[in-house]
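The values are calculated or read from the model by the stated rules, or taken from the named source; none is laboratory data. Bear in mind that the values here come from a model prediction, so they are computed numbers and not experimental data. Here Cβ is always computed from backbone atoms with ideal geometry, including for glycine, and neighbour counts include all displayed protein chains.
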Amino acid sequence: MRPSRRATICVLLLATLAWAPFPSGAPASALGPAPGVADLVEDLDRILSDARLTPARAGVAVRSAATGEQLYALDPGKILTPASNAKLVTSAAAVDTLGLDFRFTTDVLSTGDRKGSTLTGNLYLRGTGDPTMLAADYDALAARVADAGIRVVRGGLVADDTWFDAVRLGTDWTWDDEPYYYAGQISALTASPDTDYDAGSVIVSLAPGDAEGRPAKVSTTPETGHLRIVNQATTGSRTEVSVRRPHGSDTVLVTGTVAGPHNTLVTVDDPTGHALSLFGRALARHGVRVRRQPLRQATPGDAAVVASHRSMPLSELLVPFLKLSNNMHAEILTKSIGRKVSGAGTWEAGLAAVASFARANGMPTLRLRDGSGLSRADGLTPDGVTSLLVALRSKPWFTTWYDALPIAGVQDRLVGGTLRSRMAGTPAAGNLHGKTGSMTGVTALSGYVTSADRELLVFSVMLNQFLSGSPKDIEDKIAVRLAQFSRTAPADVADVRLRQSTPRSSDLECSWLKPVQC
């Protein structure tokens, strides 16, 4: 049952009289909401009376960003599944803990003596989780090894991924997500196939063969010896193809028919092995021969650095992380936080630090089981999210983080991100900075929007357990109405034509549906 306008106003009045955490510039003598607030309450009540939400759970909170004053509330203290709204917490905790200048490092080290161009010991590849490592970066490291004069390694090529623990998948992740690149395995040594930095995945490219009925052509980016490709696809009049990696397997099975070029991303089993394969092949290309089979162990303390690679700073990584809602970035940063705070690169240590940060910044009630929101056991409250968004404005790094959030209606995918096709042509376009969240039966939108009075508002909308197609248009209507909000002047609330979510985009973040890209 939706609250009546009168009931909601009464709740807001009581909350306003009792509320005190934020300094307010409003007169203490104000005894009720201004007419503009009352109109806003009535309009949001109407939007949320949508029949699709009758069997669902909905939580909404709206505040003034400057004062924390609550302007609207619907079950704001209820724990709801946030999906990728969890990245608001993870990203802010990462910046606060690691710093905007934080960089991942990947090192090549050696043990043993050098005799001319021969290294008598081992060559170590040591990672700290860099999700931006491309095949070209491993090639550049191999070139530096060759430039250092090493041509023969009598020992082995050793992978050191001990910066993180060996738990590769979130404990609450569903098994059927495992082959998809938005659920890649987490390792301190990994590789991405593209500059979206989809760590732990490869691009499988398909093309027609010489004639109909003949085998299709299959290749991977990057080329890797780590995966075994079983190609059962044939050339046909239309593309109906399946590319899947069975659970716990390093085999990719391609079936169906291929009529034209088709790309898909598939996760690898064991990203460390994948990275080691890329580096080993690169060494061979640069004339460096390794005599023994690859190994895995920690690098000795007396090993000498031969070559190093440093990633872009976190200030830059925030853009593909937040704009494209990259799950692997969230999880790698979570383990990096744990390593920084507790000396343990684990989900347990990282999530404890993230939760501590959240509680210290206005979010007392939360449950986090991963950093990305892929777990259905994650829980946030709209009230907690908006309180956090208010608190973050005082951080010295706020502007960089705020700019990295998706911006409604801006077509550039590294500006608009997951909001690039939403609210275009409305007062929210180019205005709203927010984080989306999507899974089956879950959608969320939280962030910042500037009102018609140039007042910055924070808001959080979480909708769970709906049985319809994705009701993202409800989120958009709320957001547009907030952009139209005025405390004093009558709001221009003429209906705005909003793009309806397609059935395909209802279950996942749109940026996960490559190459659709929202």
task: Give me a count of the residues in segment 107-159 that are in a helix (DSSP H, G or I) and either in contact with an Asp or Glu (Cβ under 7 Å, 6 or more places away or on another chain) or among the hydrophobic types (A, V, I, L, M, F, W, C) (or both).
output: 8
Hits in segment 211-226 (condition: touching a Pro at 6+ places or on another chain (Cβ under 9 Å) and among the hydroxyl-bearing types (Ser, Thr, Tyr)): Thr220, Thr221
message: If I filter segment 162-187 down to residues being at pLDDT 95 or above, among the β-branched types (Val, Ile, Thr) and surrounded by fewer than 22 Cβ atoms within 10 Å (Cβ to Cβ), which single residue comes out as farthest from Pro300 (Cα to Cα)?
response: Val167
- prompt: Given the structure, is Phe357 touching a His at 6+ places or on another chain (Cβ under 6 Å), among the hydrophobic types (A, V, I, L, M, F, W, C), part of a helix (DSSP H, G or I) and crowded, with 18+ Cβ neighbours inside 10 Å?
  reply: no
- line: Result of the Cβ filter at 7 Å on segment 225-247, keeping first residues that are in contact (Cβ under 8 Å) with a residue 60 or more places away in the chain and partners that are crowded, with 16+ Cβ neighbours inside 10 Å and assigned to a loop (DSSP other than H, G, I, E, B), at least 6 apart or interchain, is Arg244/Pro179; Arg245/Pro179; Arg245/Asp269; His247/Glu178
query: Can you tell which of Asp476, Asp412, Asp492, Asp403 is assigned to a loop (DSSP other than H, G, I, E, B) and at pLDDT 95 or above?
result: Asp412
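Can you pull out the residues in segment 272-319 that are acidic (Asp, Glu) and either touching a residue at least 40 places away in the same chain (Cβ under 8 Å) or under 14 Å from Thr111 (Cβ atoms) (or both)?
The one that is acidic (Asp, Glu) and either touching a residue at least 40 places away in the same chain (Cβ under 8 Å) or under 14 Å from Thr111 (Cβ atoms) (or both): Asp302.
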field: Restricting segment 118-140 to residues that are more than 28 Å from the chain's Cα centre (by Cα) and touching a residue at least 60 places away in the same chain (Cβ under 8 Å), the residue that is surrounded by the fewest Cβ atoms within 10 Å (Cβ to Cβ)
entry: Asn122
message: Can you tell me which of (1) surrounded by fewer than 23 Cβ atoms within 10 Å (Cβ to Cβ); (2) in contact with a helix residue (DSSP H, G or I) (Cβ under 8 Å, 6 or more places away or on another chain); (3) assigned to a loop (DSSP other than H, G, I, E, B); (4) touching a residue at least 60 places away in the same chain (Cβ under 8 Å) is the one Met423 doesn't meet?
response: (1)
query: Is it the case that some residue within segment 262-284 is in a loop (DSSP other than H, G, I, E, B), over 25 Å from the mean Cα position of the chain (by Cα) and either buried (at least 21 other Cβ atoms within 10 Å of the Cβ) or not assigned by TED's automatic domain parsing to the domain that holds Val152 (or both)?
result: no
message: I'm checking my understanding of the structure. Among residues of segment 222-255 that are touching a Gly at 6+ places or on another chain (Cβ under 8 Å) and assigned to a strand (DSSP E or B), which one is nearest to Gly209 (Cα to Cα)?
response: Thr235
- request: Go through (1) over 16 Å from the mean Cα position of the chain (by Cα); (2) acidic (Asp, Glu); (3) not assigned by TED's automatic domain parsing to the domain that holds Gly301 one by one and return the number of the condition Asp177 breaks.
  value: (1)
message: Would you confirm, using the coordinates I've provided, whether Gly469 is closer than 27 Å to Thr54 by Cβ, over 19 Å from the mean Cα position of the chain (by Cα) and buried (at least 24 other Cβ atoms within 10 Å of the Cβ)?
response: no
message: Checking the structure you have, find out if any residue of segment 66-88 is of a type in the set (Val, Ile, Thr), part of a strand (DSSP E or B) and surrounded by fewer than 20 Cβ atoms within 10 Å (Cβ to Cβ).
response: no
Top-ranked residue of segment 247-261 - restricted to ones that are more than 11 Å from Val204 (Cβ to Cβ) and not hydroxyl-bearing (Ser, Thr, Tyr), ranked as farthest from the chain's Cα centre (by Cα): Ala259
- request: With the condition kept exactly as written, say whether any residue in segment 331-342 is in contact (Cβ under 8 Å) with a residue 60 or more places away in the chain, among the acidic types (Asp, Glu), part of a loop (DSSP other than H, G, I, E, B) and within 24 Å of Tyr182 (Cβ to Cβ).
  value: no
field: Selected residue (criterion: surrounded by the fewest Cβ atoms within 10 Å (Cβ to Cβ)) from residues of segment 360-400 that are among the hydrophobic types (A, V, I, L, M, F, W, C) and part of a helix (DSSP H, G or I)
entry: Ala360
message: For segment 321-341, give me each residue that is β-branched (Val, Ile, Thr) and surrounded by fewer than 24 Cβ atoms within 10 Å (Cβ to Cβ).
response: Val341
- line: Residue pairs within 7 Å by beta carbon, gap of at least six or interchain, first lying in segment 180-193 and over 16 Å from Thr334 (Cα atoms), second modelled with pLDDT under 95 and in a loop (DSSP other than H, G, I, E, B), listed first then second, are none
query: Within segment 231-240, is even one residue within 31 Å of the chain's Cα centre (by Cα), of a type in the set (A, V, I, L, M) and modelled with pLDDT of 95 or more?
result: no
